[in-house]
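The values are calculated or read from the model by the stated rules, or taken from the named source; none is laboratory data. Remember, it's a predicted structure, so these values are computed and weren't measured experimentally. Counting neighbours? That spans all protein chains shown, and the Cβs are built from the backbone with ideal geometry, glycine included. For accessibility, only protein heavy atoms count, side chains too; no ligands or nucleic acids. Shrake-Rupley method; radii C 1.70, N 1.55, O 1.52, S 1.80 Å.
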Amino acid sequence: MDYQFKEIERKWQKFWAANQTYKVNNTSEKPKYYVLDMFPYPSGAGLHVGHPLGYIASDIYARYKRLKGFNVLHPMGFDSFGLPAEQYAIQTGQHPAITTEENINRYRVQLDKIGFSFDWSREVRTSDPDYYHWSQWIFMQLFNAWYNLASDKAEPIDQLIQHFEEKGSVGIYAVSDEDIREFSPEEWNDFTEEEKQRELLKYRLAYLRESSVNWCAALGTVLANDEVIGGLSERGGYPVEQKKMMQWSMRIVAYAERLLQGLETIDWPDPLVEMQRNWIGKSIGALVNFTTEANKDIEVFTTRVDTIYGVSFIVLAPEHEWVSELTQVEQKAAIESYIEKTKKKSELERMADTKAVSGAFTGSYATHPLTGESIPIWIADYVLAGYGTGAVMAVPSGDQRDYLFAKHFDLPIIPIHDQQNIEQEADPSKDGKYINSDLINGMTYSEAVPFLLEKLEEMHKGKGKVNYRMRDAIFGRQRYWGEPVPVYFKNGLPYLMKESELPLILPEVDQYLPTESGEPPLGRAKNWKYQDQYDYELSTMPGWAGSSWYWYRYMDVQNKEQFVSKSAVNYWHAVDLYIGGSEHATGHLLYSRFWNKFLKDLGYVPEEEPFKKLINQGMIQGRSNFIYRVLDEEGKGTNTFVSYGLKDNYKTNALHVDVNIVINDILNIEKFKASRPEYKDAEFILENGKYHCGHEVEKMSKSKFNVVSPDDIIEAYGADTLRMYEMFLGPLEQSKPWNTNGIEGVFKFLRKFWKLFHDADFNFNISEDKATPAELKALHKIIKKVQEDIDRFSFNTSVSAFMICINELTDLKCNKREILQDLCIVLSPYAPHITEDLWEKLGNQAGTISYATYPIFNPQHLVESEFVYPISVNGKVRMKIQLSLDMEVSEVEEEVLKNKDVQKYLDGKSPKKVIVVKGRIVNIVL
RNA sequence: GCUGAAGUGGUGGAACUGGUAGACACGCAGGACUUAAAAUCCUGUUCGCCCUAAAGCGAGUGCGGGUUCGAUUCCCGCCUUCAGUACCA
C-alpha cells in the first residue's frame, strides 16, 4: 500500500491515548527535562495554522530529549478565564463556563490530531476550582507577607507584627506605602485592631490602594487599556473616563532590582530581555528638596544632579498634591483652567501632541537649595504625576523639553559647562567643565556628582536615589469570569478567609453586567456573604493570576493539600525550555518571575528564575489572495474578473478571495463559482487558461479570507506533513506569512521515505544485508546534523537535511534495516506517526519508538580520503582539483601549481602568494 | 525620537568559527509516459554577454566605503522594512 497517512495517524493517535504512551512520572533514574509551551486561551475561533508552530517545535524538542535518555515533562493546559467568554456571556446569557468547556474540547480535538506527546493526565485549566483554589492560596500568602529590605526578601507579616510589638516601627526597612506611621511598641499595642490592620495594609505585598481605572458609564463596566481607543470604548465608541477606585495591587516594585538582576542569569532572546529592562526602567539619580514660602518642600527627582546650577524654574505635574496650595490668588483662574484642560485630554492625546508647549505659572517661588535664589514654580502636562515625584527641576540648557518650555514662556536659559552649544536646542552632553556653577566650577561630570550628593546630604537637602519606571501592578478586575478574591470586609477593612475554606467558588449571577449601583457583576450574587454577614470582595483577579504559577501545578496536578509538593518541585525544579510568543514579554513573563521570586522567598520553590531558556516563536501572518473585478465605464462592478497579469488593462477593484480555493495563486474557478450564488455566472479573463490571483501579507483573520486551519491541512496531507512543513517554512523565531504553496514538497518527501521500506508494488521489503560505506555515510551525516540542529533550535535546516538524506538513499536504492531502523529514530521527533508505524513493521514492539535510543554518531563513517579543492585565483573560484586529504599543505601547493589549467592562469609568471587551507580551499594570488 | 531584529534568485529559505553564494523545496520551462489530462519520473532554472549549444567572460547577498590572499559573515557611514516603546526628568 502507498503511504496511507490517514489510517496510520488515526491508528497511532488512538494507540498513544489508550496506552498513555506519554505519561511521565515524578521519579526516575534518568535526568529530568522540562519542556513547556505557553498555554493557550481557548478562543471560539479554534486553532489556525499559526498557533501550533511553537507547540510543534517544543514537541520535537521533547521527543528528541526522550530519545536522548531524559525523563521529559511536557504538559499542556488552558488559560481559561478571560474576556471573550464573558463578552459572549453578556450578549447571549450563556454561562462562560459552558462556552469555555466547548472551546477547550474543540482545541483538544485539534491538538490531538497533530500528534503531540503531551502528558494529558497533567492538564490544568485556570478556571477549574481545583486549580484556582491555589491561585487564591498564593494571593493569601502575598497578603500575609511584606518585603524586608534588610534581608532583601519577602517575609511573613507575623514577623513584622512581632517586631512592632517588641520594638515598634524603629529598625524596619520595608517596601511600603509612603504614609507609614512611626510608633513605639507601647503605641502599637495600644492601637485598636482596626488601626493595626490599616497600618499593616501599607506593608502587605497584596494591598488595597486607590487607583484610576478606565470607566465606561455607557457600557457600565471597567475597560482594559487595549479596549480603549482614542478615549472611546473599542466596542460602541462610548466615552471613557478615568475613575478612582479602591483596587487590589501587587507590590511588584519591591522586586524591581531582583527582576532586573535576574535577567543576567537566564538564556532569553535579547529583544525580550531588553523589553523587560526598559519596562523596569531603572534610573540612578538624586532627590533634591526645593523649599517654598508656603512651607511645603518640593522634592524633585533628577538623573542630572550636576546640572543643578542650571535650574531656572520648577515644573509640577498638574495633578501634584500641592498645586492648589501653591497657587496665588491672581493665578488661580489660569491654573484651574489649565488643569481642567489637561483632565479632558486623554492619555493618548497627551502623548500625541508632544510638540505643543503648554503650562501655567502658579505665582509661587521656591528657594534653590545651593544658591538660595528664588525660582518660579510652574505646572505643565509634560511632567507626569506617576513618575519620580511628579515634579522636576527644569534645566533648559540641558533638557530639550525644558528648553522648549523656557523659550515659549521666556524663562532664562543658563549654560552650565564650557562645551555646551545651546543656540538651537538643549545640549545634554557631560563632556565639559562646569561654569556658572559656584561650588563645582571647573569640575568634570565624574567629580561633580559625588561632590554634590555629599553636599546635599550634609545640608539635608537631597540624597542619591534609584528610581524605577515600573509601577505596582493592579490586581483587580470589575468583571465576572475570573478568580474570586478570598477576602471579606469588616468595618471597611479587608480580612482573609481561612485556608481551609478555599476554594472560594465563583457564584452564579443572573446577568454578567455590573449592578445598577455600579458594582461589579459579583454584586448580583444572591446570599453571597462570608459567614452570612460580611461582604466579599466583588472584583475578581486579572488574567495573569492563573498564568503566573501554572508550570508548578503541572508537576503535581492532583495534589489536594498543596499547590505543588516539595518532592515534585525538588525533582522538576524549573522549566528548562519555554516556548511562546513575544507578546507576553512584559506581562505574563514579568509577573511570573515576580510570583516565582516571592514563592522562593517563602521557601515553597527552589529556583530564583522559573524559565531557564526561552524561545520566542515568530508570528505566522496571513497571506491573502485577491481577484480583480472589472469595472464598467461608470465605475460600477461587473461580474467579470480579470487575471492578475492582465489587470492593468482594465479598471478593476481588488477583492479578497478565500485562500482555501486557491492553489499556488491559481484560482479554482469551479469552487469559486459555487462559493456564492452571485458568482454562479461569473466570467473570467484568463492568462494561459488560468486565473492568477494577486497576493499580499496581512494579519491572519476571517475578514481577510486568509485563515488556514490545521484540520484542512491534516485532512489533505496528514499531521506529519503539517509538522514538518511548519518547521520547513523558516527559522522558528522569525515571523513569516503562511503559504501553503510548497507543502507538496514535504509530502513527497514522506512518500519517498515510505517507499524506501517498500518495493514497487508497495510490499514491505527490508534487506538484512550489511550497509555500504556510502549508506552509512548518509545515515551518520543525518544523525550528526539533526542533533546539532535541534541543539540550536534550527528545525528548518534539519528538514532539508532529511530530504537530502532520503534523496541519497533513494539513489543508492537502500532498503537495509541497519540504515532504516536508525533513520526512523532520528526522524521520529519530526514525523512521529509514520516512523512509529514503520518501527512496528520493522519488528519492534508497537509504540516504543518514543523511548528508543538516539543512534550514536560515528565520525569514522564521514572520513574522506580525497577532497575536491576549489582553486581560486585572486579570490575567484576558477577550477576544481581532486587531491588526497593526506597531502600536506606544501604538497598541495606543489601539485596545484603543476596543474595545466593553473599554468594557463599563471601565464609563465610565479604567483605572489599561495594560500592553502587543508581540506577547504586553495587561493592563488597573482 | 529611542531600543531591538532583519534586508540573499520569480517565492520560502541555506551557507553554523571569514574559505566553492543560492543547498533543500516551491514555482516556471522543456521532455518521458498517456488518446488526453491528472499523478509520476527525468532535465534545466541568479542575472548579463556571445545566433544557439558547449566552453568561456563579466556582474552579483539593501547602498557607499574599509580591513583581508579571500567578506552574505568583521568594521565605519547611510537607506528600507518589521517589532517594541514613548514627554521617564
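Structure data summary
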quantity	calculated
Selected residue (only one of A:ILE615, A:ILE663, A:ILE620 is open to solvent by less than 70 Å² (accessible area, probe 1.4 Å) and over 20 Å from A:ALA45 (Cβ atoms))	A:ILE615
Subset of the range A:74-131 (residues that are without any contact (Cβ under 8 Å) to a residue 24 or more places away in the chain and of a type in the set (Ser, Thr, Tyr))	A:THR92
Residue that is least open to solvent (accessible area, probe 1.4 Å) [pool: residues in the range A:108-124 that are part of a loop (DSSP other than H, G, I, E, B) and of a type in the set (D, E, K, R)]	A:ASP119
Residue list for the range A:855-865, filter: more than 16 Å from A:VAL917 (Cβ to Cβ) and loosely packed, with under 12 Cβ neighbours inside 10 Å	A:ILE856, A:PRO859, A:GLN860, A:VAL863, A:SER865
Test result for A:GLY603, within 16 Å of RNA strand B (Cβ to nearest atom) and of a type in the set (Gly, Ala, Ser)	no
Among (1) touching a residue at least 40 places away in the same chain (Cβ under 8 Å); (2) over 30 Å from A:LEU779 (Cβ atoms); (3) away from RNA strand B (no atom under 11 Å from the Cβ); (4) not hydroxyl-bearing (Ser, Thr, Tyr) - the single one A:VAL873 does not satisfy	(3)
Residues of the range A:653-692 that turn out to be in a loop (DSSP other than H, G, I, E, B), within 14 Å of RNA strand B (Cβ to nearest atom) and modelled with pLDDT of 85 or more, as a count	2
Output for the range A:449-492, where each listed residue is open to solvent by less than 60 Å² (accessible area, probe 1.4 Å) and either of a type in the set (D, E, K, R) or part of a helix (DSSP H, G or I) (or both)	A:VAL449, A:LEU452, A:LEU453, A:LEU456, A:LYS461, A:ASP472, A:ARG479, A:GLU483
Failed criterion for A:LYS671 (all others in (1) under 42 Å from the mean Cα position of the chain (by Cα); (2) open to solvent by less than 60 Å² (accessible area, probe 1.4 Å); (3) not acidic (Asp, Glu) hold)	(2)
Test for A:PHE762: is it out of contact with any Ser or Thr (no Cβ under 9 Å at 6 or more places or on another chain) and modelled with pLDDT of 95 or more	no
Unique match (being within 39 Å of the chain's Cα centre (by Cα), more than 10 Å from RNA strand B (Cβ to nearest atom) and touching a residue at least 24 places away in the same chain (Cβ under 8 Å)) among A:PRO829, A:PRO773	A:PRO829
Some residue of the range A:656-667 being more than 15 Å from A:GLU696 (Cβ to Cβ), without any contact (Cβ under 8 Å) to a residue 24 or more places away in the chain and of a type in the set (S, T, N, Q)	no
Residue among A:GLY390, A:GLY398 that is of a type in the set (Gly, Ala, Ser), at pLDDT below 90 and near RNA strand B (Cβ under 8 Å from one of its atoms)	A:GLY390
A:GLY363 within 13 Å of RNA strand B (Cβ to nearest atom) and either of a type in the set (Gly, Ala, Ser) or assigned to a strand (DSSP E or B) (or both)	no
Tally, over the range A:714-737, of residues that are surrounded by fewer than 21 Cβ atoms within 10 Å (Cβ to Cβ) and part of a helix (DSSP H, G or I)	3
Failed item in (1) buried (at least 16 other Cβ atoms within 10 Å of the Cβ); (2) modelled with pLDDT under 85, with A:VAL697 passing the rest	(1)
Sole residue being within 16 Å of RNA strand B (Cβ to nearest atom) and either of a type outside the set (Ser, Thr, Tyr) or assigned by TED's automatic domain parsing to the domain that holds A:PRO318 (or both), chosen from A:GLN424, A:GLN478	A:GLN424
Conditions (1) at pLDDT 95 or above; (2) open to solvent by less than 10 Å² (accessible area, probe 1.4 Å): number failed by A:ALA778	(1)
Some residue of the range A:811-818 being over 29 Å from A:LEU729 (Cβ atoms), within 37 Å of the chain's Cα centre (by Cα) and outside the structural domain of A:LYS900 (by TED's automatic domain parsing)	no
Enumeration of residues in the range A:283-310 that are surrounded by 15 or more Cβ atoms within 10 Å (Cβ to Cβ), of a type outside the set (Ser, Thr, Tyr) and within 10 Å of RNA strand B (Cβ to nearest atom)	A:GLY285, A:ALA286, A:VAL288, A:VAL300, A:PHE301, A:ARG304, A:VAL305
Candidates A:ILE379, A:ILE416 - the one that is surrounded by 16 or more Cβ atoms within 10 Å (Cβ to Cβ) and away from RNA strand B (no atom under 12 Å from the Cβ)	A:ILE416
Residues located in the range A:884-909, provided they are open to solvent by 60 Å² or more (accessible area, probe 1.4 Å) and among the β-branched types (Val, Ile, Thr)	A:VAL889
Residue within the range A:783-806 that is away from RNA strand B (no atom under 13 Å from the Cβ), in a loop (DSSP other than H, G, I, E, B) and without any contact (Cβ under 8 Å) to a residue 24 or more places away in the chain present	no
Among (1) touching a residue at least 40 places away in the same chain (Cβ under 8 Å); (2) in contact with a strand residue (DSSP E or B) (Cβ under 7 Å, 6 or more places away or on another chain); (3) surrounded by fewer than 19 Cβ atoms within 10 Å (Cβ to Cβ), the one test that A:PRO610 misses	(3)
Close pairs (7 angstrom Cβ cut-off, 6 or more residues apart or separate chains): in the same structural domain as A:VAL642 (by TED's automatic domain parsing) in the range A:671-690, of a type in the set (Lys, Arg) and open to solvent by less than 80 Å² (accessible area, probe 1.4 Å) anywhere	A:TYR679/A:LYS673; A:LYS680/A:LYS673; A:ALA682/A:LYS673
Matching option when the condition is of a type in the set (S, T, N, Q), in a helix (DSSP H, G or I) and open to solvent by 10 Å² or more (accessible area, probe 1.4 Å), among A:GLN276, A:GLN261	A:GLN261
